[in-house]
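Here, each number is a calculation from the coordinates, and none is a lab measurement. On a predicted model such as this, the values are computed, not experimentally measured, just so you know. Here Cβ is always computed from backbone atoms with ideal geometry, including for glycine, and neighbour counts include all displayed protein chains.
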Amino acid sequence: MLSTAQAVCYSFAMGLVILLCRTLPFILFGGKAGGKDGTGKRTAKFLSFIESIVPPTAMTVLAFNAISGPIKENPQNALPVLVAALFTALAQLWKRNALLSIAGGTAVYMLLRAVL
């Protein structure tokens, strides 16, 4: 059990980390886009690169994490997870509708779990 002093220190540290995580991008990239020294163009290129790379990377990590969890817990039931993930990916590529792909993948998973 934590003492009151430890709880206060931990709360302060967590608050500081959250504050820094939220303000650091504004501090680093808050300058004007076209400064006299030419750094604005490099910053804009870097930000556009980050904007194009980070979302797909984060989605891939989340997808693999979501798929690997149930497979690690019960390897015998890996088939419904893999088929539902494949269905979700194909539905997204086909219709480009996130709601349809996620709902369809969930329905396929639930149906396969009930049948298998």
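What span do the alpha-carbon atoms of the chain cover on each of the three principal axes, reported in whole Å from largest to smallest?
Sorted from largest, the Cα extents of the chain read 63, 50, 21 Å.
Give, as a single signed number, the net charge of other residues whose beta carbon lies under 14 Å from the beta carbon of residue 102, with Lys and Arg counted +1 and Asp and Glu -1. Before the final figure, lay out each step's value.
Numbers: positive: 95, 96; negative: none.
Around residue 102, the surrounding residues sum to +2.
Mind ordering 46-55, 73-82 by average Cβ neighbours within 10 Å, highest first? Mind showing how you got there, number by number?
Values: 46-55: 10.5, 73-82: 12.4.
Put in order of decreasing packing, that is 73-82, 46-55.
What FRET efficiency do you get for residue 9 and residue 64 if R0 is 41 Å and r is their Cβ-Cβ distance, rounded to the nearest 0.05? It would help to have the intermediate numbers written out before the result.
Working: r = 36 Å, r/R0 = 0.87.
After rounding to 0.05, the efficiency reads 0.70.
When only C-alpha pairs under 8 Å and at least 6 residues apart count, what is the relative contact order of region 45-116, in percent?
23 percent
May I ask for the angle, rounded to the nearest 10°, between helix 39-73 and the longest principal axis of the chain, with both axes built from Cα atoms and the value confined to 0 to 90°?
The answer is roughly 30 degrees.
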